[in-house]
């Protein structure tokens with residue numbers, strides 16, 4: 001016999017976009033909200049001092065139990081399945097996409113336009129920054145547009161970054177401080193950043209992680225959080241296309257099914273597991289999966305690639321002062337008219353690459369003690385290293401795709417997701433031009449400083465991935481409308497990363513959150529207001 | 001990795017580590033020294049530390065750590081290494097790389113091998129030179145250690161992966177904030193939760209009033 005959980009809204013997944021939706025609905029409606037999460041809780045704030053110490057000492061995972069061993073897909077995807085999701089581990093970089101990202105086809109004749117503009121999303125960017133607690137510096141308005149100031153002042157530029165900004169200013173490329181989800185003032189009961197420099201695991205609570213929001217909502221009795229419960233499929237109300245229930249299993253008692261009934265369902269499972277759940281939910285009325293009448297679920301998977309490098313600088317820096325802050329430029333993400341399409345961001349960090357202590361000198365001779373120290377000092381006395389990286393967008397192909405992998409099943413026999421990313425032909429045609437342009441800008445920066453680019457590399461890892469349930473006005477080419485409501489099911493929403501049309505050239509989490517808040521506004525319209 | 005495989009790895013690490021003893025001399029048969037009578041023979045874990053022969057470890061430290069640490073600084077470095085070694089957990093789940101769904105684990109326990117290397121060093125010294133390691137000049141100790149270390153890469157890497165206890169000790173020290181400050185002769189206090197104040201100023205010279 002099933003355990004039945006009923007609520008007005010059922011949110012599948014307990015990551016950052018779930019926290020955004022739940023928080024907004026809890027504040028503005030009287031709806032009962034259930035969040036169901038396959039994973040469990042991981043290290044609490046109180047435990048993070050210890051897990052941080054072990055990460056530093058031994059490289060251990062600071063978030064125990066942050067995944068489910070048999071819920072592992074194939075292809076580039078996050079493995080986290082845990083309360084808080086991937087935003088437990090994140091560094092907290094929260095740039096916005098650029099206005100151009102939403103109008104690629106109109107402005108440059110490549111890729112796709114979104115059904116919404118930057119201006120449509122801007123209020124939700126602001127709201128996400130306030131919910132998260134963003135600390136940032138206003139960049140030049142033409143490449144960093146915003147209607148209101150950041151909620152908090154930026155992290156201070158370290159001595160190293162200040163010297164580097166003098167250099168980039170002389171190169172006439174505007175850089176400013178990366179916006180972060182880290183407190184520079186006490187904010188919503190959380191501490192101020194203590195510059196521990198291990199932001200993947202923040203021992204002070206200065207970095208936003210979704211568990212803070214979820215714990216507050218739990219303390220206020222505004223949500224129910226059901227953990228260790230894996231949703232296996234969504235089912236329809238008889239005779240309609242409305243979603244009736246989410247069928248799940250309690251991982252501690254797999255023989256006892258759990259049925260979650262709700263008026264509205266919100267899939268907040270991230271870029272891989274959201275499409276996966278829709279595909280798993282195939283039935284006789286939707287044989288290719290829910291919300292998939294036009295065959296777009298799991299398609300247009302996207303992310304951005306990068307070119308990175310190291311620049312030798314003729315200046316004295318002190319690596320370690322503040323590794324987890326960086327300089328950012330969106331100048332080339334908002335480039336104005338182009339003869340040939342290329343857009344990218346730029347990030348700069350202090351680095352000790354090439355200047356770390358070593359066991360052998362350049363001649364291969366083994367060094368001990370004072371010799372190691374002398375060699376190290378010699379290599380750090382007269383120069384410094386900057387790390388530089390440029391994200392550039394990859395235009396997704398329709399066949400960039402998540403599918404069910406029947407060769408890889410979990411313990412319940414459900415096929416796991418498989419992602420085969422594929423760039424559009426236009427992206428491949430532009431790749432060499434993009435790399436040449438970016439490397440040229442690295443060289444320009446290095447020359448301005450009197451330094452040199454010591455190495456570069458390019459990566460085709462699809463960073464900050466999304467897609468699979470992209471938004472659009474036309475059901476023939478999209479899965480959800482601009483509010484995240486599936487075209488096929490009036491009470492089913494998909495929020496966050498799966499809904500993006502393209503991934504821009506900036507970290508994606510803030511955009512995923514803004515899109516989720518936009519969805520939450522629409523979801524809230526159908527619920528009793530407070 | 002299935003739990004059973006992890007368990008298997010944990011249970012077999014002592015054998016693997018003993019077989020991987022590198023450079024403990026031709027007579028390095030794992031004979032216990034006088035100062036390691038309590039050395040555990042079982043698989044390492046946080047609950048069952050494997051003490052390293054303390055006297056020999058300090059005699060190695062004198063040869064491989066910077067002399068400018070002085071006696072007290074060197075003792076602090078060795079104590080820190082011993083604590084680190086005591087709390088090392090073999091085959092622990094590692095922080096995972098970005099966008100990689102698979103789970104990675106650290107390697108088997110290196111400590112039985114390191115302990116055997118230290119015991120082997122003492123035995124070799126006595127056999128070849130008629131003296132304990134402490135009786136040898138620092139330069140001679142380094143030659144002896146270099147033979148034991150054999151081929152290495154240029155980088156120090158993680159001490160957990162060091163094939164020789166001397167390299168582990170050196171790697172552990174040079175990864176510390178103390179070593180960074182010593183190199184730059186500045187108070188950088190890397191990864192020390194220093195607060196935001198002071199981030200913007202040039203790190204103070206070591207020993208300068210803060």
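For this structure, a couple of remarks:
- Odd one out for residue A:323 among (1) within 9 Å of chain B (Cβ to nearest Cβ); (2) without any contact (Cβ under 8 Å) to a residue 60 or more places away in the chain; (3) surrounded by fewer than 21 Cβ atoms within 10 Å (Cβ to Cβ): (2)
- Only residues that are assigned to a loop (DSSP other than H, G, I, E, B) and either more than 7 Å from every other protein chain (Cβ to nearest Cβ) or touching a residue at least 40 places away in the same chain (Cβ under 8 Å) (or both) were counted across segment B:82-98, and they come to 7.
- Extreme residue, farthest from residue A:345 (Cα to Cα), among residues of segment A:142-156 that are surrounded by 20 or more Cβ atoms within 10 Å (Cβ to Cβ) and within 14 Å of chain B (Cβ to nearest Cβ): A:152
- Against the list (1) touching a strand residue (DSSP E or B) at 6+ places or on another chain (Cβ under 9 Å); (2) under 21 Å from residue A:451 (Cβ atoms); (3) not in a loop (DSSP other than H, G, I, E, B), the condition residue A:353 fails is (3).
- When residue A:79 is tested against (1) surrounded by fewer than 23 Cβ atoms within 10 Å (Cβ to Cβ); (2) farther than 30 Å from residue B:86 by Cβ; (3) in contact (Cβ under 8 Å) with a residue 60 or more places away in the chain, only condition (3) is not met.
- Of all residues in segment B:64-78, those that are away from chain A (no Cβ under 12 Å) and in a loop (DSSP other than H, G, I, E, B) total 0.
- Taken over segment A:68-83, the residue count meeting the criterion of being in contact with a strand residue (DSSP E or B) (Cβ under 9 Å, 6 or more places away or on another chain) and more than 7 Å from chain B (Cβ to nearest Cβ) is 8.
- Residue A:469 vs. criteria farther than 14 Å from residue A:297 by Cβ and either at pLDDT below 95 or crowded, with 24+ Cβ neighbours inside 10 Å (or both): no
- Members of segment A:197-239 found to be in contact with a helix residue (DSSP H, G or I) (Cβ under 7 Å, 6 or more places away or on another chain), surrounded by fewer than 23 Cβ atoms within 10 Å (Cβ to Cβ) and within 11 Å of chain B (Cβ to nearest Cβ), listed by number: A:198, A:203
- Listed conditions (1) over 14 Å from residue B:57 (Cβ atoms); (2) part of a helix (DSSP H, G or I); (3) within 10 Å of chain A (Cβ to nearest Cβ) are all met by residue B:152, apart from (2).
- Residue within segment A:120-137 that is within 14 Å of another protein chain (Cβ to nearest Cβ), assigned to a helix (DSSP H, G or I) and touching a strand residue (DSSP E or B) at 6+ places or on another chain (Cβ under 6 Å) present: no
- In segment B:181-210, the residues that are facing another protein chain (nearest Cβ under 7 Å), buried (at least 17 other Cβ atoms within 10 Å of the Cβ) and in a loop (DSSP other than H, G, I, E, B): B:188, B:190, B:191, B:194, B:196, B:199, B:203
- Residue among B:44, B:107 that is surrounded by 15 or more Cβ atoms within 10 Å (Cβ to Cβ), at pLDDT below 90 and either touching a strand residue (DSSP E or B) at 6+ places or on another chain (Cβ under 7 Å) or within 14 Å of chain A (Cβ to nearest Cβ) (or both): B:44
- Out of A:454, A:409, A:448, sole residue that is surrounded by fewer than 19 Cβ atoms within 10 Å (Cβ to Cβ) and in contact with a helix residue (DSSP H, G or I) (Cβ under 7 Å, 6 or more places away or on another chain): A:448
- The set of residues in segment A:108-126 being touching a helix residue (DSSP H, G or I) at 6+ places or on another chain (Cβ under 6 Å) and either over 10 Å from residue A:518 (Cα atoms) or surrounded by fewer than 18 Cβ atoms within 10 Å (Cβ to Cβ) (or both) consists of A:110, A:111, A:112, A:113, A:114, A:117, A:118.
- Being part of a helix (DSSP H, G or I) and either within 14 Å of another protein chain (Cβ to nearest Cβ) or closer than 28 Å to residue A:415 by Cβ (or both) is true of residue A:56.
- From the list A:309, A:298, the lone residue that is in contact with a helix residue (DSSP H, G or I) (Cβ under 7 Å, 6 or more places away or on another chain), surrounded by fewer than 23 Cβ atoms within 10 Å (Cβ to Cβ) and in contact (Cβ under 8 Å) with a residue 60 or more places away in the chain is A:309.
- Of all residues in segment A:356-382, those that are at the interface with chain B (Cβ under 7 Å from one of its Cβ atoms) and in a helix (DSSP H, G or I) total 7.
- So residue B:178, is it within 21 Å of the chain's Cα centre (by Cα), crowded, with 22+ Cβ neighbours inside 10 Å and either within 14 Å of chain A (Cβ to nearest Cβ) or closer than 20 Å to residue A:373 by Cα (or both): no
- Residue among A:172, A:185, A:166 that is within 14 Å of chain B (Cβ to nearest Cβ), within 30 Å of residue A:446 (Cβ to Cβ) and surrounded by fewer than 21 Cβ atoms within 10 Å (Cβ to Cβ): A:166
- Unmet requirement for residue A:435, which otherwise passes all of (1) buried (at least 19 other Cβ atoms within 10 Å of the Cβ); (2) at pLDDT 95 or above; (3) closer than 26 Å to residue A:176 by Cα: (1)
The values are calculated or read from the model by the stated rules, or taken from the named source; none is laboratory data. Predicted model, so just to flag it, every value in this text is computed and none were measured. Neighbour counts are summed over all protein chains in view; Cβ atoms, including those assigned to glycine, are modelled from backbone coordinates with ideal geometry.
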